[in-house]
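Structure first, then comments.
The values are calculated or read from the model by the stated rules, or taken from the named source; none is laboratory data. Small disclaimer: the values here were computed from a predicted structure and weren't measured. Neighbour counts are summed over all protein chains in view; Cβ atoms, including those assigned to glycine, are modelled from backbone coordinates with ideal geometry.
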Amino acid sequence: MNHFERRDGQLYCEDVALADIARAVGTPTYVYSAATLTRHFTVFDEALAAVPHRICYSVKALPNLAVLRLLGDLGAGFDVVSQGEIYRLLSAGLPTKHVVFSGVGKTAPEMAFALEHGIHSFNVESEAELGLLSEVAASRGQRAPVSLRVNPDVDPQTHPYIATGLKQSKFGIPWGRALPAYDLASRLPGIEVVGLDCHIGSQLTSLGPFLEAVDLMVGLVETLRAQGHRITDLDLGGGLGITYADEAPPHPKDFAEAVIQRTRHLGVRLLFEPGRVIVGNAGVLLMRVLYEKASDARHFVIVDAAMNDSIRPALYGAFHRIQPVVLRPGDSRVVDVVGPVCESGDFFAKERALEPVAPGDLLALMSAGAYGFSMSSNYNSRPRAAEVLVRGDRFHVVRDRETLADLTRGERVA
């Protein structure tokens with residue numbers, strides 16, 4: 001469920017007409033619904049109320065300070081993959097005691113920064129990283145709390161770019177090396193083993209692969225404890241999918257019930273790292289039609305947003321619904337919705353039935369909250385979009401549109 005709906009032919013976010021936001025802020029602009037963010041987090045969190053747990057929102061999905069603060073105020077922890085994401089949490093006035101630090105390429109300065117700010121734990125992804133973290137922590141007179149990310153070699157049945165738990169993946173410690181890695185961790189100075197971590201991929205639309213990984217992790221926890229390792233946290237990652245087109249992903253309640261059934265006897269604290277399922281359908285990208293253009297083969301609707309604003313269609317071939325903000329009478333026609341960037345990959349939809357539009361009309365790219373603005377760039381020297389958060393009948397600009405001066409800030413002629 002989300003709080004984007006049509007009233008009298010106009011598309012609204014909560015109680016604000018999207019056309020009013022576009023008039024005030026311009027386009028392209030990302031618009032987020034606070035009510036949707038709140039509902040999605042709360043549904044996930046309440047589904048796990050029967051067991052000790054922490055929902056650690058995946059900052060990379062949508063790192064805007066206002067969104068982070070909203071989720072933090074709801075009780076979220078955070079999953080980060082860089083020093084910059086920790087800095088964002090600090091900038092939002094949020095504590096870092098419920099932060100888990102993931103990622104395969106943590107640097108020594110990043111490790112020191114995380115230790116300085118007292119994060120909950122590091123999800124360590126290799127023996128080499130474990131050794132470096134030991135050195136950094138020991139040099140500071142600290143012990144780094146660690147969960148080892150183990151790769152269970154489970155096919156998540158998702159796009160290959162967002163599958164992270166296969167044996168050919170760069171992520172995690174191979175399944176066959178898990179026990180030796182824990183033995184190593186237990187002997188290293190500056191390391192305190194606290195848990196076990198896995199993450200098999202993103203946009204999961206079936207419980208089967210996820211539960212296969214959970215069963216493997218449960219068995220590994222039991223083995224590790226039998227060998228004397230202290231395992232209090234079981235981090236099962238994120239990845240629960242959303243509906244972009246006609247997908248029917250599991251409801252968080254069904255997801256939670258299945259996990260609790262398999263893990264309750266362990267007495268662990270469950271950690272989860274959802275991103276897309278919290279923010280994906282809480283955001284849209286507003287864009288304006290510039291021109292229509294017909295070729296011998298296609299009819300193009302050219303808009304003022306581009307692949308630099310939302311790269312998922314170009315990068316993954318991802319489907320996002322597109323709708324006019326204000327409906328016109330008439331029949332739909334098959335079009336390509338494309339941007340102005342000088343790449344044939346600069347498209348939002350190909351051969352898609354779209355309601356009638358004309359130059360100047362507004363379109364909304366739906367389900368754009370996750371990996372929309374966060375993956376945007378300045379390609380073709382295009383300033384990045386504004387971001388707006390809607391609360392009820394009011395909206396707030398939570399990131400200003402970049403200016404031309406922002407494009408060259410920090411550069412100089414040698």
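Has the stretch 221-241 got at least one residue that is outside any loop (DSSP other than H, G, I, E, B), more than 24 Å from Asp183 (Cα to Cα) and of a type in the set (A, V, I, L, M, F, W, C)?
Checking the stretch 221-241: at least one residue is outside any loop (DSSP other than H, G, I, E, B), more than 24 Å from Asp183 (Cα to Cα) and of a type in the set (A, V, I, L, M, F, W, C).
Given the stretch 50-123, what strands (runs of 3 or more DSSP E) lie entirely inside it while holding 3 or more residues that are assigned by TED's automatic domain parsing to the domain that holds Gly239, in contact (Cβ under 8 Å) with a residue 60 or more places away in the chain and surrounded by 20 or more Cβ atoms within 10 Å (Cβ to Cβ)?
53-58
Within the stretch 288-306, does at least one residue satisfy the condition of being within 23 Å of the chain's Cα centre (by Cα) and farther than 30 Å from Val218 by Cβ?
Yes, because at least one residue in the stretch 288-306 is within 23 Å of the chain's Cα centre (by Cα) and farther than 30 Å from Val218 by Cβ.
Rundown of residues vs (1) out of contact with any helix residue (DSSP H, G or I) (no Cβ under 7 Å at 6 or more places or on another chain); (2) closer than 26 Å to Ser33 by Cα; (3) at pLDDT 95 or above; (4) among the hydrophobic types (A, V, I, L, M, F, W, C), yes/no style:
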| residue | (1), (2), (3), (4) |
| --- | --- |
| Pro324 | yes, yes, yes, no |
| Asp336 | yes, no, yes, no |
| Gly339 | yes, yes, yes, no |
| Ser344 | yes, no, no, no |
| Arg352 | yes, no, yes, no |
| Gly360 | yes, yes, yes, no |
| Leu365 | yes, yes, yes, yes |
| Gly369 | no, yes, yes, no |
| Phe373 | yes, yes, yes, yes |
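From the residues in the stretch 227-257 that are at pLDDT 85 or above and among the hydrophobic types (A, V, I, L, M, F, W, C), which one is surrounded by the fewest Cβ atoms within 10 Å (Cβ to Cβ)?
Ala245
Only one of (1) under 30 Å from Arg230 (Cβ atoms); (2) in contact (Cβ under 8 Å) with a residue 24 or more places away in the chain fails for His265. Which number is that?
Answer for His265: the failing condition is (2).
Could you tell me how many of the residues in the stretch 349-408 are more than 28 Å from Glu292 (Cβ to Cβ) and among the small types (Gly, Ala, Ser)?
Looking only at that region, the number is 5.
Given the structure, is Ile21 of a type outside the set (S, T, N, Q), outside any strand (DSSP E or B) and closer than 24 Å to Ala306 by Cβ?
Against the criterion (of a type outside the set (S, T, N, Q), outside any strand (DSSP E or B) and closer than 24 Å to Ala306 by Cβ), Ile21 qualifies.
Can you name the residue in the stretch 354-379 that is assigned to a strand (DSSP E or B) and within 22 Å of the chain's Cα centre (by Cα) and is also surrounded by the most Cβ atoms within 10 Å (Cβ to Cβ) among such residues?
Narrowing the stretch 354-379 to residues assigned to a strand (DSSP E or B): 354, 362-365.
After this cut, where a residue has to be within 22 Å of the chain's Cα centre (by Cα) as well, the list is 364-365.
Working: Ala364: 21, Leu365: 26.
Ranking the candidates gives Leu365 first.
Would it be correct to say that Gly208 is at positive phi and surrounded by fewer than 22 Cβ atoms within 10 Å (Cβ to Cβ)? First the steps, then the outcome.
Details: at positive phi: no; surrounded by fewer than 22 Cβ atoms within 10 Å (Cβ to Cβ): yes.
So Gly208 fails the test.
Would you check if there is a residue in the stretch 398-412 being touching a residue at least 60 places away in the same chain (Cβ under 8 Å) and not in a loop (DSSP other than H, G, I, E, B)?
yes
Against the definition (closer than 20 Å to Ser147 by Cβ, touching a residue at least 40 places away in the same chain (Cβ under 8 Å) and among the basic types (Lys, Arg)), how does Arg288 come out, yes or no?
Against the criterion (closer than 20 Å to Ser147 by Cβ, touching a residue at least 40 places away in the same chain (Cβ under 8 Å) and among the basic types (Lys, Arg)), Arg288 does not qualify.
Need a quick list: strands (runs of 3 or more DSSP E) entirely within the stretch 258-353 having at least 1 residues that are exposed (fewer than 15 other Cβ atoms within 10 Å of the Cβ).
283-294, 299-303, 333-338
Name the residue that is nearest to Asn151 (Cα to Cα), counting only residues in the stretch 201-223 that are at pLDDT 80 or above and either in contact with a strand residue (DSSP E or B) (Cβ under 7 Å, 6 or more places away or on another chain) or of a type in the set (Phe, Trp, Tyr) (or both).
Checking each candidate, the answer is Met217.
Inspect the stretch 26-41 for any residue being surrounded by 16 or more Cβ atoms within 10 Å (Cβ to Cβ), in a helix (DSSP H, G or I), under 17 Å from the mean Cα position of the chain (by Cα) and hydroxyl-bearing (Ser, Thr, Tyr) and give the result as yes or no.
Scanning the stretch 26-41, I find at least one residue that is surrounded by 16 or more Cβ atoms within 10 Å (Cβ to Cβ), in a helix (DSSP H, G or I), under 17 Å from the mean Cα position of the chain (by Cα) and hydroxyl-bearing (Ser, Thr, Tyr), so the answer is yes.
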